[in-house]
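Worksheet for the structure shown next.
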Amino acid sequence: MTELDLVIDDLNAVFGSITGETSLSEVRQKLETLFGTGVLDPAVDHRRVTFGAVDGELMTVRDAKSEGAILYLHGGGYALCSVNSHRDMCERLAHAAGSAVLCVEYRLAPEHPFPAALDDALAGYVWLLDQGYEPDSIAIAGDSAGGGLALATLLAIRDRHLPRPACGVLLSPWADLELKGASIRSRASIDPIATEAALRNWAICYVPDGKLANPYVSPLHGDFTGLPRLLVQVGEREILFDDATGIVARAQDAGVDAVLQSFDGQIHVFQIFGPRLAAARAAIKDIGIFIRQAFNAAPGGTMDSADRGLSVT
């Protein structure tokens, strides 16, 4: 068996144990156990910080030279996961980019429906600005629902006339809660994580009034004009594949410098399995390259794909 096969076996065991009788709190705990390592990187300082109605964890690599920061928004269908489940990946991003990472513990649905998560993400961005981080040294990143939230945050930053960050990084983004992409059905048989039924359930938890076309809910429907450069990573076995490709296409049509990386044979948010998957470690290395280059690029400039050092598709 390959290392990915072993990961998928573990995913199947956890998801197979979830039934209609499993409580939301139990589902949350199962995913915390699945994704969280419970081990702190001794080379990274961890500090709990508070902003607005929420808090987060600021992770900084000791002796890092960069003065930049990544605002990280974890995935989990807007209802699951936390800093604990995503800490290992955030630590790896901090090393790769040589930057601090603020992982936002945004409020979860259904207890806190839209726009709570977006409000908390914006509060995290403003907190970074208030700490003295320059906007052109801040990246907004996230995975799955957090990837969609990161894109929505970029739209809201622009619309509220806040300083534009350097870039956005979206991992397996869920950016269309209406689920209109053809890959929702065409790739259903090869995606071992996400299902259409589960996504529809989480969508209604997050947006109980069903107004899913709102661009702050489904940012794939938004106007991308004026957004910063974007990196989008996606696994080829994802039902959300069309969300990723759609974002890049719409961004490029709007004049945004956007890059798509599609990883052969990989699954939804495979990057979270850094301790187990070589592909995850390679993808995070690429994210670090992209962010470092974005921080060093002239404001509003573009980076030649050939000079990025990325395996671009």
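The values are calculated or read from the model by the stated rules, or taken from the named source; none is laboratory data. Everything numeric in this text was worked out from a predicted model, so none of it was measured. Here the Cβ is made from the backbone with ideal geometry for all residues, glycine too, and neighbour counts use every protein chain on show.
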State all residues of region 19-52 that are within 19 Å of residue 111 (Cβ to Cβ) and not polar (S, T, N, Q); if no residue qualifies, say none. 24, 26, 27, 28, 30, 31, 32, 52
Within region 153-186, considering residues that are part of a helix (DSSP H, G or I) and among the β-branched types (Val, Ile, Thr), the one surrounded by the most Cβ atoms within 10 Å (Cβ to Cβ): 153
Among 119, 136, the single one that is in a helix (DSSP H, G or I), surrounded by fewer than 20 Cβ atoms within 10 Å (Cβ to Cβ), at pLDDT 95 or above and in contact with a Pro (Cβ under 7 Å, 6 or more places away or on another chain) is 136
For residue 153, are the conditions met, namely being of a type in the set (Val, Ile, Thr) and either within 22 Å of residue 71 (Cα to Cα) or in contact with a Pro (Cβ under 7 Å, 6 or more places away or on another chain) (or both)? yes
Out of curiosity, is residue 91 without any contact (Cβ under 8 Å) to a residue 60 or more places away in the chain, in a helix (DSSP H, G or I) and out of contact with any Phe, Trp or Tyr (no Cβ under 6 Å at 6 or more places or on another chain)? yes
Exactly one of 11, 34, 80 is in contact with a helix residue (DSSP H, G or I) (Cβ under 7 Å, 6 or more places away or on another chain), in a helix (DSSP H, G or I) and within 25 Å of residue 175 (Cβ to Cβ), and that one is 34
From 209, 242, residue being under 24 Å from residue 78 (Cβ atoms), surrounded by fewer than 24 Cβ atoms within 10 Å (Cβ to Cβ), of a type in the set (D, E, K, R) and in contact (Cβ under 8 Å) with a residue 60 or more places away in the chain: 242
What's the total number of residues in region 251-276 that are touching a Leu at 6+ places or on another chain (Cβ under 7 Å) and outside any loop (DSSP other than H, G, I, E, B)? 6
Answer yes or no: is there a residue in region 212-234 that is farther than 25 Å from residue 282 by Cβ, in contact with a Pro (Cβ under 8 Å, 6 or more places away or on another chain) and assigned to a helix (DSSP H, G or I). yes
